[in-house]
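Below: one structure, written as structure tokens.
The values are calculated or read from the model by the stated rules, or taken from the named source; none is laboratory data. Bear in mind that the values here come from a model prediction, so they are computed numbers and not experimental data. In this analysis, Cβ positions are derived from the backbone assuming ideal geometry, glycine residues included, and neighbour counts consider all displayed protein chains.
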Amino acid sequence: MFLRIIQDIALMSGIGILLALVMVIAQRWLSNYGELNININSKKDLTVTGGNSLLSSLSEKQIFIPSACGGRGTCGACKCKVIEGGGPLLPTEKPLLSKAEIEDHIRLACQVKIKSDIKIEIPESIFNIKRFHSEIEEIIDYTYDIKGITFKLLNGETIDFKAGQYIQLETQPYGKVKQSVVRAYSISSKPELKDRIQLIIRLVPEGICTTWVHNYLKVGDKVNFTGPYGDFYIRDTNADIIFVAGGSGQAPIKSMLEHLKEVGTDRKMSFFFGARTTKDLYLTEEMLAFEKHFNDFHYIPVLSHPEPDENWQGRIGFVMPYFKEAIRDPKNTEAYLCGSPGMIAGVTKSLVEEYSLDKDKIYYDSFG
């Protein structure tokens, strides 16, 4: 009886191994699409290996589509027009696409698998995005959870970007994290400084990239990134400006102010910076220096939860009620916002409904 049980177990194990082997062979056979063609803008053809995502296939050919989430299908940044060969729209894409975008054949490049020849359209500006090689030159502790990281470009490389744009940082494996990930961060340095950039990165609990930056990255480390990306930049007008940011959202605002200092401006500007306590305030001296440099610039920090022992004498609560101090002509005012989606939505609603700003003049960089 015991021998029979052993034989049955051996038989079942053998069948299981055989089935697993068949599945592996079948998967490799079915996913072997061979070499396929990506036609871009009816001008450029790329030969790629089938089976991978459109996003990764383009990246391998040094064409970098924006992807703030690193291809996880959560940010909706990697939109492009797929004219032919993209397959059916996936349920993972629908929540991030408007009805008009779906009708216009817009897809998420990270969700489209290359299973046949494919024809797409992307903005010509995408071809200006490059991969850069750098060395960590400086790491500054701004607060207990925010660092400023300076990346010095290598091999004589230089970068051209508009103040307010962002790059996508490529991590390296560390600890139990065995794969590299890509995350988007706004450039905090001025575009006139072309051989290096600075990022301001806040530690996100259990965040793969921010944990790497805060706990593993060291001066002298070699790091790659791609960019520049984004359409968040100062418009060339004479309108008054309201800047609003919180946490690491101060990064693109700092870049914009440093750029305006370089080129000169007489525009009326107000910067509302939302923080929880005084421990979350940083770059205060730099902002006060801007107040001295510009003819009409005001830095306005607002704390939501100041501690009793901090003896905070400044503004408290939400930033929105204080906008009335800065807006003199709603029709001649632009707003530049950087922060969480909730903050962006709340501030935008207030500016439009309470202060009568034109929604088309509210520009933002939203991060989750």
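Exactly one residue out of Lys254, Lys261 is basic (Lys, Arg), assigned to a helix (DSSP H, G or I) and over 15 Å from Gln198 (Cα atoms): that is Lys261. Every test in (1) in contact (Cβ under 8 Å) with a residue 12 or more places away in the chain; (2) assigned to a strand (DSSP E or B); (3) within 30 Å of Leu217 (Cβ to Cβ) is passed by Thr143 save one, and that test is (2). Annotation: of all residues in region 248-299 being of a type in the set (Lys, Arg) and touching a His at 6+ places or on another chain (Cβ under 8 Å), the one that is nearest to Arg202 (Cα to Cα) is Arg276.
Can Ser180 be described as at negative phi, among the polar types (S, T, N, Q) and not in a helix (DSSP H, G or I)? The answer is yes for Ser180. The set of residues in region 149-174 that are in a loop (DSSP other than H, G, I, E, B), of a type in the set (Asp, Glu) and without any contact (Cβ under 8 Å) to a residue 60 or more places away in the chain contains only Glu157. Determine whether region 175-183 contains at least one residue that is out of contact with any Gly (no Cβ under 7 Å at 6 or more places or on another chain), touching a residue at least 24 places away in the same chain (Cβ under 8 Å), crowded, with 18+ Cβ neighbours inside 10 Å and under 22 Å from Gly220 (Cβ atoms). Checked region 175-183: no residue is out of contact with any Gly (no Cβ under 7 Å at 6 or more places or on another chain), touching a residue at least 24 places away in the same chain (Cβ under 8 Å), crowded, with 18+ Cβ neighbours inside 10 Å and under 22 Å from Gly220 (Cβ atoms).
Here is a yes/no grid of residues against (1) loosely packed, with under 14 Cβ neighbours inside 10 Å; (2) touching a residue at least 40 places away in the same chain (Cβ under 8 Å); (3) within 30 Å of Leu55 (Cβ to Cβ); (4) not assigned by TED's automatic domain parsing to the domain that holds Asp160:
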| position | (1), (2), (3), (4) |
| --- | --- |
| Ala251 | no, yes, yes, yes |
| Glu258 | no, yes, no, yes |
| Ser270 | no, yes, no, yes |
| Ala275 | no, no, no, yes |
| Thr284 | yes, no, no, yes |
| Pro306 | no, no, no, yes |
| Asp309 | yes, no, no, yes |
| Trp312 | no, no, no, yes |
| Ile316 | yes, no, no, yes |
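Working carefully through the options Ile167, Ile159, find the one that is out of contact with any Ser or Thr (no Cβ under 9 Å at 6 or more places or on another chain) and of a type outside the set (Phe, Trp, Tyr). Just a single option satisfies the conditions, and that option is Ile159.
The numbered conditions (1) in the same structural domain as Glu334 (by TED's automatic domain parsing); (2) modelled with pLDDT under 95 are all true for Lys176 except (1).
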